[in-house]
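The values are calculated or read from the model by the stated rules, or taken from the named source; none is laboratory data. Quick caveat, the model's predicted, so the values are computed rather than measured. Don't worry about glycine lacking a Cβ; one is built from the backbone with ideal geometry, like all the others, and counts go over all protein chains shown.
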């Protein structure tokens with residue numbers, strides 16, 4: 001008997017995760033159907049996606065982009081209906097026709113729709129960090145209450161998920177790490193392109209250098225986060241919520257080869273790791289097909305070519321963003337949302353050449369000092385903390401821009 005197709009909405013279809021998701025789906029047309037896709041400004045790419053995968057809906061956030069999208073779809077005789085705005089994202093994430101949502105919109109913009117998908121009981125393939133960083137408790141409460149399936153797509157969290165006992169990974173809030181015999185979650189980090197740079201050299205790093213990740217092909221913002229180790233700090237916060245893990249039981253291990261994607265250390269001395277080539281199609285395929293395994297188009301891992309695996313502790317003096325993330329999750333409340341918002345502003349100004357690389361953690365620390373105690377009991381309060389932080393961080397970054405130009 002043929003297997004029923006999974007019907008999917010892809011939030012952020014034009015980004016690297018969205019493109020990798022479509023690549024995996026294209027390899028298995030008998031298993032998956034694309035119901036809707038969203039994008040921001042890459043209109044031609046959205047049209048090409050609509051032409052190949054025939055989604056019912058294509059969503060953009062701005063009416064001006066929608067006008068261009070409709071014209072291009074009409075010119076190519078593609079029948080997809082164009083929807084506009086944040087409410088449209090929620091609509092395609094909660095539609096009765098779908099069972100799976102790939103949440104891959106970068107930034108806070110994707111968070112409301114991802115939360116709505118969880119409340120609707122969908123299988124949520126979570127590639128959006130901000131949902132858990134901004135509103136981890138609200139999101140996990142929604143998953144538990146609705147019975148949604150949550151499968152992390154970040155390579156590190158996906159590796160931990162695969163390395164956990166089945167009962168615990170599917171229902172982490174029904175027990176604890178200790179009850180599952182787990183002592184520690186080990187998040188691996190490549191160390192980024194500046195792993196061996198001295199502290200004195202970091203101030204002169206350029207945006208062009210920062211976006212050249214040694215192992216992964218990623219967007220500009222996440223590449224800078226990897227270079228500053230903020231990406232790993234955000235992953236610590238995510239792991240705390242995803243796996244019901246006390247922060248002191250989450251350890252970051254620098255592993256330059258990016259072959260071991262993360263590990264779980266057990267009470268009996270065992271350490272279970274997930275290894276693979278650095279290709280996001282592996283965790284995406286795992287999430288799409290769980291609990292089955294399907295071909296993802298990924299090159300097999302060649303251990304003989306790798307030859308060695310190295311590990312070292314992160315240097316928090318050179319890369320203070322990681323320490324700030326640990327401080328934020330320990331503080332709780334609005335602090336992780338403030339951390340994330342300030343980091344997004346800092347990275348934006350750094351990529352524009354307006355502040356130095358070393359000013360990224362300075363801006364985040366100043367923002368935490370000012371806003372960490374803002375109210376955080378509802379989504380509205382957390383979004384207010386996010387916006388308040390962004391405005392004050394922008395003002396501060398503009399003041400600092402003058403110093404950089406001197």
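What the table below lists for this structure:
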{"quantity": "Residue within the range 192-206 that is closer than 29 Å to residue 308 by Cβ, in the same structural domain as residue 315 (by TED's automatic domain parsing), surrounded by fewer than 23 Cβ atoms within 10 Å (Cβ to Cβ) and within 20 Å of the chain's Cα centre (by Cα) present", "calculated": "yes"}
{"quantity": "Hey, residue 178 surrounded by fewer than 19 Cβ atoms within 10 Å (Cβ to Cβ), in the same structural domain as residue 271 (by TED's automatic domain parsing) and not in a strand (DSSP E or B) or not", "calculated": "yes"}
{"quantity": "Residues (part of a loop (DSSP other than H, G, I, E, B), in contact with a helix residue (DSSP H, G or I) (Cβ under 6 Å, 6 or more places away or on another chain) and free of Cβ contacts under 8 Å to residues at least 40 places away in the same chain) located in the range 116-132", "calculated": "120, 121"}
{"quantity": "From the options 96, 113, 135, residue that is in a loop (DSSP other than H, G, I, E, B), assigned by TED's automatic domain parsing to the domain that holds residue 84 and either buried (at least 24 other Cβ atoms within 10 Å of the Cβ) or more than 14 Å from the chain's Cα centre (by Cα) (or both)", "calculated": "96"}
{"quantity": "Selection from the range 1-58 of residues that are closer than 18 Å to residue 93 by Cα, at pLDDT below 95 and part of a helix (DSSP H, G or I)", "calculated": "17"}
{"quantity": "Every pair of residues 6+ apart whose Cβ atoms lie under 9 Å, when the first sits in the range 352-369 and is at pLDDT 95 or above while the second is part of a loop (DSSP other than H, G, I, E, B) and buried (at least 23 other Cβ atoms within 10 Å of the Cβ)", "calculated": "361/319; 362/355; 363/355"}
{"quantity": "So residue 163, is it farther than 23 Å from residue 378 by Cα, modelled with pLDDT under 95 and in contact with a strand residue (DSSP E or B) (Cβ under 8 Å, 6 or more places away or on another chain)", "calculated": "no"}
{"quantity": "Yes/no for residue 248 being assigned by TED's automatic domain parsing to the domain that holds residue 165, surrounded by fewer than 23 Cβ atoms within 10 Å (Cβ to Cβ) and part of a helix (DSSP H, G or I)", "calculated": "yes"}
{"quantity": "Selection status of residue 27, surrounded by 14 or more Cβ atoms within 10 Å (Cβ to Cβ), touching a residue at least 40 places away in the same chain (Cβ under 8 Å), touching a strand residue (DSSP E or B) at 6+ places or on another chain (Cβ under 6 Å) and under 30 Å from residue 278 (Cβ atoms)", "calculated": "no"}
{"quantity": "Test: residue in the range 228-239 that is in a loop (DSSP other than H, G, I, E, B), in the same structural domain as residue 166 (by TED's automatic domain parsing) and under 18 Å from the mean Cα position of the chain (by Cα)", "calculated": "yes"}
{"quantity": "Criterion (at negative phi and crowded, with 23+ Cβ neighbours inside 10 Å) met by exactly one of 67, 83, 89, 61", "calculated": "89"}
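To keep it simple, each residue is scored yes or no on (1) surrounded by 13 or more Cβ atoms within 10 Å (Cβ to Cβ); (2) at pLDDT below 95.
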position: 278; (1), (2): yes, yes
position: 283; (1), (2): yes, no
position: 300; (1), (2): no, yes
position: 305; (1), (2): no, yes
position: 313; (1), (2): no, no
position: 322; (1), (2): yes, no
position: 338; (1), (2): yes, no
position: 347; (1), (2): yes, no
